[in-house]
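Student: The following block contains the structure, expressed as structure tokens.
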Ligand SMILES: Cc1cc2nc3c(=O)[nH]c(=O)nc-3n(C[C@H](O)[C@H](O)[C@H](O)COP(=O)(O)OP(=O)(O)OC[C@H]3O[C@@H](n4cnc5c(N)ncnc54)[C@H](O)[C@@H]3O)c2cc1C
Ligand code: FES
């Protein structure tokens, strides 16, 4: 079964806080009652960035908190839309359309979800790791995140052991550590406690330590720049692991009407065109990078 929110809402949300991190990265918390109840990992919101910005911008949910009625987003300014969003202050109103799309499928029982996130691709997979841990249904997520900008999260030296890791690659994200989710970070830059290299190479160090039985329980969930997605798909191919990728494309309508976001996918029945906004953004890795 594919997880899909039954309804896309348009709702007026309110800025609770907006925290800026190095490299024009922001974590935005909105009070958004409907999204906070219904958003699932891998789904996204289509965010109105203000009256001077013609098109809404798609952003993946980073967290949805039913109790506090809030949702969070992590974004990096690329152009005028997200720049306008970054100017919003607590109390300002934001129109959201969401939750949209077909998110991650985490039906496989007794699985070990390996989430791999790169840069501003981290939100949907971090959401998935925390969501599955909270579900408490036997999933044992592990997270590998990479960034060339300083990580837009508080970090900590991890006390959780991760096999295959060198002792000096022990930095994690505070929220993951507090939730007892094993997590390690990678960067080509010289960030303290981070693996020097690509995040997929870091994940492979751990995957290499697994038994055949453990490998059968692995599912890779990845979001990030295209070369990272391709490397994640390759990793899955080499170790014969299921792999789901969350894609990004330009979006004009985000409800399946304009075909502006189509990608070519390879299915058992042949090549097809799929819309990232409603058929995705999550796709099976083999359909995007055929083996
Ligand atoms: C489903 C989905 C989820 C996303 N989640 C996040 C998220 O959680 N955090 C985040 O920071 N970003 C996310 N993005 C990307 C984000 O939507 C774009 O970066 C944003 O729309 C750019 O808006 P802007 O106004 O800053 O720049 P624009 O003015 O819209 O873009 C400036 C230039 O950047 C390039 N560009 C913009 N968007 C894209 C794109 N999607 N792909 C390739 N090149 C592009 C183009 O060259 C464009 O001319 C997501 C995209 C999708 C489709
Ligand atoms: S953005 Fe219009 S169909 Fe996907």
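Student: Which one is modelled with the lowest pLDDT, of the residues in segment 74-104 that are more than 6 Å from ligand 1 (Cβ to nearest atom) and under 21 Å from residue 245 (Cβ atoms)?
Tutor: Of everything passing the filter in segment 74-104, 98 is modelled with the lowest pLDDT.
Student: I would also like to ask the following. Sort through 20, 51, 10 and tell me the only one that's outside any helix (DSSP H, G or I) and either touching a helix residue (DSSP H, G or I) at 6+ places or on another chain (Cβ under 8 Å) or crowded, with 17+ Cβ neighbours inside 10 Å (or both).
Tutor: 20
Student: Restricting attention to segment 73-101, which residues are surrounded by fewer than 22 Cβ atoms within 10 Å (Cβ to Cβ) and either assigned to a loop (DSSP other than H, G, I, E, B) or under 16 Å from the mean Cα position of the chain (by Cα) (or both)?
Tutor: 76, 77, 78, 79, 87, 88, 89, 90, 91, 92
Student: Follow-up question, since we're still on this one. Among the residues of segment 246-282 satisfying the criterion of being on the phi > 0 side of the Ramachandran plot and surrounded by 13 or more Cβ atoms within 10 Å (Cβ to Cβ), which is farthest from ligand 1 (Cβ to nearest atom)?
Tutor: Only one residue tops the list, namely 256.
Student: Consider residue 67 against the criteria (1) in contact (Cβ under 8 Å) with a residue 12 or more places away in the chain; (2) exposed (fewer than 15 other Cβ atoms within 10 Å of the Cβ); (3) in contact with a helix residue (DSSP H, G or I) (Cβ under 9 Å, 6 or more places away or on another chain): it satisfies all of them except one. Which criterion is unmet?
Tutor: (1)
Student: Shifting gears a bit: Which count do you get for residues in segment 130-144 that are surrounded by 21 or more Cβ atoms within 10 Å (Cβ to Cβ) and within 16 Å of residue 207 (Cβ to Cβ)?
Tutor: Qualifying residue count for the region: 4.
Rundown of residues vs (1) more than 16 Å from ligand 2 (Cβ to nearest atom); (2) touching a strand residue (DSSP E or B) at 6+ places or on another chain (Cβ under 7 Å), yes/no style:
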residue	(1), (2)
54	no, no
66	yes, no
70	yes, yes
75	yes, yes
79	yes, no
90	yes, yes
110	yes, no
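Student: I've got another one for you. Any residue at all in segment 229-246 that is modelled with pLDDT of 95 or more and within 16 Å of ligand 2 (Cβ to nearest atom)?
Tutor: Yes, some residue in segment 229-246 is modelled with pLDDT of 95 or more and within 16 Å of ligand 2 (Cβ to nearest atom).
Student: Related question: Filter segment 178-201 for residues that are within 16 Å of residue 160 (Cα to Cα) and within 18 Å of the chain's Cα centre (by Cα) and give the result.
Tutor: Residues satisfying the conditions are 179, 181, 182, 183, 184, 185.
The values are calculated or read from the model by the stated rules, or taken from the named source; none is laboratory data. Treat the numbers as computed from the prediction; the structure is a model and nothing was measured. Note that we place each Cβ from the backbone using ideal geometry, even for glycine, and neighbour counts take in every protein chain shown.
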